[in-house]
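The values are calculated or read from the model by the stated rules, or taken from the named source; none is laboratory data. None of these values were measured; they are calculated from a predicted model. Backbone-built Cβ (ideal geometry, glycine too); neighbour counts: all protein chains shown.
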Amino acid sequence: MPPSAGRCHHVRNSNQPNEGFTVNAFSVAFQREAAGSSYRRLLEFFCEFACHVTVVPAGLNPGDQYRLIFVSSNGTARDGTSTNIADYNDFVLGIANAVPGINTLGASWFAILSTAATSAVTNIGTSTSSVGIYLLDGTTKVADGTAGLFGSALLAKVNMDEQGNIGISKFAFTGSNADGTSSATEPVGASRVIIGNSNFTDGQWLAKSDDPAAHTGEVYYAISSVLTVPPTPSPEPASLGMAATGAVLILLARRRKA
């Protein structure tokens with residue numbers, strides 16, 4: 001069975017000590033849930049209340065690979081004047097890691113854009129058609145691999161931000177042609193930069209118009225490194241210990257009766 005595809009699915013080490021939670025709205029329910037629950041389950045319970053993203057898509061099995069994609073929220077806009085693509089990768093990494101449900105993945109994040117020196121295709125790396133690219137709603141597949149991302153049309157719009165808000169229709173700096181290659185005249189870092197629009201599934205999602213690089217009204221597309229669905233967790237040491245203790249008590253009780 002695949003792991004739960006519930007919102008904000010965390011892949012965490014069950015050995016980690018319990019951490020404090022400060023969301024008062026669910027404190028009573030949390031205390032009930034805490035009795036006998038694992039650290040993993042407590043995190044999932046917390047996210048049912050507090051998170052709005054899903055980081056393990058539904059329908060995948062342990063060992064399956066996938067990538068996540070989003071368009072940055074309105075409050076994360078920056079200009080497109082830098083010619084260093086690492087600046088943009090660092091920028092979207094910071095956006096992703098500011099979301100509790102995403103930063104636990106430990107993923108790398110890449111801006112889907114082109115400078116004169118590095119194309120979007122090169123920057124994000126190639127992944128095969130078996131590696132689906134999904135929005136953060138846990139169900140919507142945008143493309144089958146990077147070839148689908150830079151093909152004739154997406155399977156769905158890249159219109160969800162890192163907070164899980166859907167229906168985002170914004171212009172994003174891309175500096176790219178529709179096939180993900182660098183624009184010869186308007187890459188990111190030039191005086192004017194190619195922009196895409198998140199409300200489209202054809203090539204216009206990457207290349208619709210252009211805007212001055214110094215403008216700060218645009219947003220950015222971001223894609224994760226390749227992720228792997230974790231194995232179904234085995235019983236935790238605490239659970240095994242309780243089971244063993246129970247078995248010993250039953251054995252002792254039987255001996256006393258005998």
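Points to keep in mind about this one:
- Filtering the range 126-157 to residues that are within 11 Å of Tyr66 (Cβ to Cβ) and either outside the structural domain of Ile168 (by TED's automatic domain parsing) or among the acidic types (Asp, Glu) (or both) leaves only Asp144.
- Restricting the range 163-222 to residues that are of a type in the set (Lys, Arg) and either out of contact with any Gly (no Cβ under 7 Å at 6 or more places or on another chain) or under 14 Å from Ala111 (Cα atoms) (or both), the residue that is surrounded by the fewest Cβ atoms within 10 Å (Cβ to Cβ): Arg192
- When residues in the range 125-156 are screened for being in a loop (DSSP other than H, G, I, E, B) and more than 30 Å from Arg192 (Cβ to Cβ), 11 of them pass.
- Residues located in the range 88-111, provided they are surrounded by fewer than 16 Cβ atoms within 10 Å (Cβ to Cβ) and not in a loop (DSSP other than H, G, I, E, B): Asp90, Gly94, Pro100, Asn103
- Ile133 vs. criteria surrounded by 16 or more Cβ atoms within 10 Å (Cβ to Cβ), closer than 16 Å to Thr54 by Cα and either in contact with a strand residue (DSSP E or B) (Cβ under 9 Å, 6 or more places away or on another chain) or of a type in the set (Asp, Glu) (or both): yes
- The range 64-87, residues that are outside any strand (DSSP E or B) and farther than 18 Å from Met160 by Cβ: Asp64, Arg78, Asp79, Gly80, Thr81, Ser82, Thr83, Asn84, Ile85, Ala86, Asp87
- Flag if Thr122 is surrounded by fewer than 23 Cβ atoms within 10 Å (Cβ to Cβ) and either touching a Lys or Arg at 6+ places or on another chain (Cβ under 7 Å) or part of a loop (DSSP other than H, G, I, E, B) (or both): no
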